[in-house]
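Take a look at the structure below.
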Amino acid sequence: MPENEINRESAIVTLPYQDWSATSPSSIDAVAALEQGKVLFFPHLAFNLTEAEKTLLTPELVDPKRKNISYQPEQQKLTGVAIEGKHEAVQKLLARHHRACQALVLSILPEYRHTLHTPTNSLRLHPISAWKASNSWRKDDTRLHVDAFPSRPNYGERILRIFTNINPAGENRHWRVGEPFPELAQRFLPRLGRYSPFISWLQDKVGITKTRRSHYDHLMLQMHDAMKADLEYQKNGPQQAIEFPPGSSWICFSDQTPHAAMSGQFMLEQTFLLPVAAMKTPQNSPLKVLEALLHKPLI
Ligand SMILES: [Fe+2]
């Protein structure tokens, strides 16, 4: 085992579910594992597409100006479909995927059923290699990072993501996951730039952000960038490789679990936000970890 490889069991929990509305109770406390920053891996949880839906699996379907097709189920708002006449089929697929994710939350994360909010799901059709080739290092998700939204400050709210590999040709999605958040924060905090309330105010005023960036949002974005810019950390930092085959799904708090998507194509993804107060262990949230290290409130 290479020196920088973290223990697989400390990073990944495997669950046997085959059904999005499974009722069989698992002995594993899924919420506790997620809140510790682990990835929940469901090797047999497939999202089956109809023959007609399989014809949608082509990168040409995505608006060239966008990374993915995305859907806000509560507003029934679909964006990023480039081919005329395909909107209805894509919307139906994503609405059905959203309902499956809601059912999964009810069955394995029932503690969150009333508090997860602002769902958005995405249909990701480009191979990771194509996205990496045409973008800057900041947008290169083959580098380990934690998620932070540049234009949408979230004031400490958690980013919960459910992923499913729908590759029709048998190609795995290959990830790396990194160290626990408290260790990551201690490593990078000393390098992060100062927060300026004035610059945050200005960025909001001119429309760079949708609301004013909090100190927390500033630190998370800085950490995202500092991780990606550190090639030594990328190569030799603590990490574990994982393969997600077609027909498998996985869940993590992507603001907490360092992750890198190395290769793969065709995926469905559902994002929810969760207030820190709705967690069973709020002290595990990036917000509370950073506040404890800095001895001050950050929002
Ligand atoms: Fe990410």
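The values are calculated or read from the model by the stated rules, or taken from the named source; none is laboratory data. All figures in this text were calculated on a predicted structure; none of them were measured in a lab. Backbone-built Cβ (ideal geometry, glycine too); neighbour counts: all protein chains shown.
In the stretch 206-219, the condition of being at pLDDT 95 or above, closer than 17 Å to Ile6 by Cα and more than 16 Å from the ligand (Cβ to nearest atom) is met by no residue.
Checking His87, His98 one by one, the residue that is surrounded by 19 or more Cβ atoms within 10 Å (Cβ to Cβ), at pLDDT 95 or above and of a type outside the set (Ser, Thr, Tyr) is His98 and no other.
The lone criterion from (1) buried (at least 16 other Cβ atoms within 10 Å of the Cβ); (2) within 16 Å of the ligand (Cβ to nearest atom); (3) of a type outside the set (A, V, I, L, M, F, W, C); (4) farther than 29 Å from Lys54 by Cβ left unmet by Thr142 is number (4). Residues that are within 16 Å of the ligand (Cβ to nearest atom) and touching a Ser or Thr at 6+ places or on another chain (Cβ under 8 Å) do occur in the stretch 272-281. Scanning the stretch 166-198 for residues that are closer than 15 Å to Ala260 by Cα and not hydrophobic (A, V, I, L, M, F, W, C) gives Asn172, Arg173, His174, Arg176, Gly178, Glu179, Pro180.
In the stretch 247-271, the residue that is nearest to the ligand (Cβ to nearest atom) out of those that are of a type in the set (Gly, Ala, Ser) and at negative phi is Ser254. So is Ala241 buried (at least 19 other Cβ atoms within 10 Å of the Cβ) and part of a strand (DSSP E or B) or not? Spelling it out, it is not the case that Ala241 is buried (at least 19 other Cβ atoms within 10 Å of the Cβ) and part of a strand (DSSP E or B). Entry remark, the stretch 252-276: residues being farther than 17 Å from Thr115 by Cα and part of a strand (DSSP E or B) number 8 in total. In the stretch 133-151, of all residues being in contact with a helix residue (DSSP H, G or I) (Cβ under 9 Å, 6 or more places away or on another chain) and not in a loop (DSSP other than H, G, I, E, B), the one that is modelled with the highest pLDDT corresponds to His145. On the basis of being within 16 Å of the ligand (Cβ to nearest atom) and in contact with a Cys (Cβ under 7 Å, 6 or more places away or on another chain), does Gln239 make the cut? No. Scanning the stretch 206-216 turns up at least one residue that is more than 21 Å from Gly156 (Cα to Cα), surrounded by fewer than 16 Cβ atoms within 10 Å (Cβ to Cβ) and not small (Gly, Ala, Ser). Elements of the type strands (runs of 3 or more DSSP E) sitting completely within the stretch 33-110 and holding at least 1 residues that are among the aliphatic types (A, V, I, L, M) and closer than 30 Å to Ile12 by Cα: these cover 39-42, 69-72.
All of Thr118, Thr164 fail the test of being assigned to a strand (DSSP E or B), on the phi > 0 side of the Ramachandran plot and polar (S, T, N, Q), apart from Thr118.
Just one of the listed residues (Glu171, Glu183) is part of a helix (DSSP H, G or I), out of contact with any strand residue (DSSP E or B) (no Cβ under 6 Å at 6 or more places or on another chain) and away from the ligand (no atom under 13 Å from the Cβ), namely Glu183. Residues that are of a type in the set (Ser, Thr, Tyr) and touching an Asp or Glu at 6+ places or on another chain (Cβ under 7 Å) were ranked within the stretch 247-299; the one that is surrounded by the fewest Cβ atoms within 10 Å (Cβ to Cβ) is Thr281.
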